[in-house]
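First the structure, in the form of structure tokens, and then the observations on it.
The values are calculated or read from the model by the stated rules, or taken from the named source; none is laboratory data. All figures in this text were calculated on a predicted structure; none of them were measured in a lab. Reconstructed Cβ throughout: ideal geometry from the backbone, glycine too, with neighbour counts over all protein chains shown.
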Amino acid sequence: MRLIICDDDIKDAKNAEDILNTLSVLKDYEIKIQSPQDVNLAVDEDLLKCDILVMDIQYEGESFDGIELTKKINEKLPTCQIIYLSNILDFAPMVYDTNHCYFVLKENMDIMLPRAIAKAVESYNTMSNDIIEFLSNGHKVYTSQSEIMYIERDDRVLNIHTLKKTYQCYTSLKKIESKLGSAFARCHGGFIVNLAYVSGIDGTQLYLKDGTKIPIGMRFFEDFKLKYLKYYSDRM
């Protein structure tokens, strides 16, 4: 697990690092200080690896700021939790154009930064369990598992059908199944479905809520039926 402090003021960055090193909730995290320039370059080159990022907003002499940088990180690393750390309260309304979990004034960082970190760790753990990452047409895709309706094998390609669009992915059903949560069940040699979207079973096929029909293989029928009944009984 990695936490990055992105600040062009090394004194402020060191103060934040000292506070973070005292927090037991971060015992499994590698904590690093990086310049805004290095973080920006890593984002542009798809090399940034970060789970929590403590982000200053204003950078002396730069053509970009922390809010612009966060927008790019939101797009490329949606599970990364952003904590803004700034001297300027006037920036507070502007940060709501980005996905972030806390805004901390530097003058209060000894009290508020630990609270922000606790929230960031909790949010990251929740989101990372839901977000799934895969390659589609050479690009990394991050999507919420809750938006995936079903996954269909077509020869060597998987069609991942989400609420918004369908992605093509070169991997196996077995590999992607290992990344999915308990809401998903294999119903056929070529299909995995999200039980949240199943409206009913009729013989050897099931119906999704949008009307899609998906076959149920005889080899999978009993196991699928048990998972389907358990999924809905747990929610009654």
Tell me yes or no: at least one residue of the range 221-231 is surrounded by fewer than 16 Cβ atoms within 10 Å (Cβ to Cβ), basic (Lys, Arg) and assigned to a loop (DSSP other than H, G, I, E, B). no
Exactly one of these conditions fails for residue 120: (1) within 18 Å of residue 81 (Cα to Cα); (2) surrounded by fewer than 14 Cβ atoms within 10 Å (Cβ to Cβ); (3) modelled with pLDDT of 90 or more; (4) of a type outside the set (Lys, Arg). Give me its number. (2)
Can you spot a residue in the range 142-159 that is at pLDDT below 90, farther than 30 Å from residue 72 by Cα and basic (Lys, Arg)? yes
Can you name the residue in the range 123-151 that is part of a helix (DSSP H, G or I) and of a type in the set (D, E, K, R) and, of all such residues, is surrounded by the most Cβ atoms within 10 Å (Cβ to Cβ)? 147
Residue count, the range 152-171, condition assigned to a loop (DSSP other than H, G, I, E, B) and touching a residue at least 12 places away in the same chain (Cβ under 8 Å), comes to 5
Report yes if some residue within the range 43-61 is crowded, with 18+ Cβ neighbours inside 10 Å, under 20 Å from residue 111 (Cα atoms) and touching a His at 6+ places or on another chain (Cβ under 7 Å); otherwise report no. no
Of all the helices (runs of 4 or more DSSP H) wholly in the range 1-120, which have at least 1 residues that are under 30 Å from residue 138 (Cβ atoms)? 36-44, 66-76
Among (1) modelled with pLDDT of 90 or more; (2) over 16 Å from the mean Cα position of the chain (by Cα), which single condition is residue 60 missing? (1)
